[in-house]
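The values are calculated or read from the model by the stated rules, or taken from the named source; none is laboratory data. Since the model is a prediction, treat every value here as computed from it, not as a measurement. Using ideal geometry, Cβ is built from the backbone for each residue, glycine included, and neighbour counts are taken over all protein chains shown. For accessibility, only protein heavy atoms count, side chains too; no ligands or nucleic acids. Shrake-Rupley method; radii C 1.70, N 1.55, O 1.52, S 1.80 Å.
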Amino acid sequence: NAHSIGLKADGTVWAWGSDTYGQLGDDATLANQSAPVQVSGLPAIADICAGSYHSLALTVAYGQVYTWGRDDNGQLGNDSTLQNSPTPVYAGLTYMKGLAGGAYHSLAVDIFGGDVRAWGGNGSGQLGNGNYTQQPTPVTVSGLTNILSVDCGWQHSVALTGSGTIKTWGADSYGQLGNDATL
């Protein structure tokens, strides 16, 4: 939304912009930054992404997911306290290969079966688990396997399958699911 993150070749993560909810991950001062600051407390990182007010990182070793920033809908995935975190927290996932951050939800792909894990806000069904209840810890998206990558929109989610097809779920008020349904 109003922050950016970058990944350097040495595996360090850097962030800049708005820090209203701790989404820069550099400390507890919550000060906006016009120049990149290093995210503290992370091991070597292989992949990153930014949600609206939260950030995610995937470690080189074991594919662990770390998150930080806003957590009012459980988008950090670490517990049910829904506490914002200005420093990275472990989201309880290991052996993941891809990440996506939406407005108030997050996704990751399992290395072994290509299953998708989802957590956070679910008011439009963007977690794909058959209900509309927010999930402060990761749940498995129903009916998806062999997924190569994922992405998130505001309140919808997208997955690319191993066969090259696209799967979408969640809000469709503007046709963003691409399924030719009546809006």
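So, residue 65, is that one over 10 Å from the mean Cα position of the chain (by Cα) and either open to solvent by 40 Å² or more (accessible area, probe 1.4 Å) or at pLDDT 95 or above (or both) or not? Please lay out each step first, then the result.
Numbers: over 10 Å from the mean Cα position of the chain (by Cα): no; either open to solvent by 40 Å² or more (accessible area, probe 1.4 Å) or at pLDDT 95 or above (or both): yes.
When the stated conditions are applied, residue 65 does not pass them.
Kindly provide the set of residues from region 74-86 that are surrounded by fewer than 17 Cβ atoms within 10 Å (Cβ to Cβ) and either over 22 Å from residue 28 (Cβ atoms) or not small (Gly, Ala, Ser) (or both), ordered by number. Spell out the reasoning first.
Within region 74-86, the first condition is being surrounded by fewer than 17 Cβ atoms within 10 Å (Cβ to Cβ), and the residues that meet it are 79-83.
If the condition is that a residue be surrounded by fewer than 17 Cβ atoms within 10 Å (Cβ to Cβ) and either over 22 Å from residue 28 (Cβ atoms) or not small (Gly, Ala, Ser) (or both), then 79, 81, 82, 83 are the ones that fit.
Could you look through region 1-21, keep only residues that are assigned to a strand (DSSP E or B) and open to solvent by less than 50 Å² (accessible area, probe 1.4 Å), and pick out the one that is nearest to residue 65 (Cα to Cα)?
In the first step, residues of region 1-21 are kept if they are assigned to a strand (DSSP E or B); the result is 3-7, 13-17.
From what's left, open to solvent by less than 50 Å² (accessible area, probe 1.4 Å): 3-6, 13, 15, 17.
Numbers: 3: 19, 4: 18, 5: 15, 6: 16, 13: 14, 15: 17, 17: 22 Å.
It comes out as 13.
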Checklist entry - Can you name the residue in region 27-48 that is small (Gly, Ala, Ser) and assigned to a loop (DSSP other than H, G, I, E, B) and, of all such residues, is nearest to residue 3 (Cα to Cα)? => result 31
Checklist entry - Regarding residue 172, is this residue charged (D, E, K, R) and either in a loop (DSSP other than H, G, I, E, B) or closer than 21 Å to residue 78 by Cβ (or both)? => result yes
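What about residue 118, is it among the small types (Gly, Ala, Ser), in a strand (DSSP E or B) and closer than 13 Å to residue 170 by Cα?
yes
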Item to check | Among (1) surrounded by 24 or more Cβ atoms within 10 Å (Cβ to Cβ); (2) under 17 Å from residue 70 (Cα atoms); (3) of a type in the set (S, T, N, Q), the one test that residue 157 misses | outcome: (2)
Checklist entry - Among the candidates 110, 72, 79, which residue alone is out of contact with any Lys or Arg (no Cβ under 9 Å at 6 or more places or on another chain), at pLDDT 95 or above and of a type in the set (D, E, K, R)? => result 72
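Only residues that are outside any loop (DSSP other than H, G, I, E, B) and small (Gly, Ala, Ser): list them for region 49-64, please. If you could, list the steps in order and put the result at the bottom.
Our first condition is that a residue be outside any loop (DSSP other than H, G, I, E, B); within region 49-64, this holds for 49-50, 54-59.
Of everything in region 49-64, those that are outside any loop (DSSP other than H, G, I, E, B) and small (Gly, Ala, Ser) turn out to be 50, 55, 57.
Listed here are the residues, each with its yes/no results for (1) part of a loop (DSSP other than H, G, I, E, B); (2) closer than 24 Å to residue 15 by Cα.
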| residue | (1), (2) |
| --- | --- |
| 80 | yes, no |
| 86 | no, yes |
| 97 | no, yes |
| 128 | yes, no |
| 139 | no, no |
| 150 | no, yes |
| 167 | no, no |
| 176 | yes, no |
| 179 | yes, no |
Item to check | Odd one out for residue 107, checked against (1) farther than 18 Å from residue 13 by Cβ; (2) assigned to a loop (DSSP other than H, G, I, E, B); (3) hydrophobic (A, V, I, L, M, F, W, C); (4) touching a strand residue (DSSP E or B) at 6+ places or on another chain (Cβ under 8 Å) | outcome: (2)
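Have a look at 52, 34 and point out the one that is out of contact with any strand residue (DSSP E or B) (no Cβ under 6 Å at 6 or more places or on another chain) and open to solvent by less than 30 Å² (accessible area, probe 1.4 Å).
Working: 34 fails: open to solvent by less than 30 Å² (accessible area, probe 1.4 Å).
Sole residue among the options that is out of contact with any strand residue (DSSP E or B) (no Cβ under 6 Å at 6 or more places or on another chain) and open to solvent by less than 30 Å² (accessible area, probe 1.4 Å): 52.
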Checklist outcome for this item: The one condition residue 24 fails out of (1) among the aliphatic types (A, V, I, L, M); (2) in a loop (DSSP other than H, G, I, E, B); (3) touching a Ser or Thr at 6+ places or on another chain (Cβ under 6 Å); (4) surrounded by 24 or more Cβ atoms within 10 Å (Cβ to Cβ) is (3)
Checklist entry - Got a number for residues in region 95-117 being of a type in the set (Ser, Thr, Tyr) and open to solvent by 10 Å² or more (accessible area, probe 1.4 Å)? => result 2
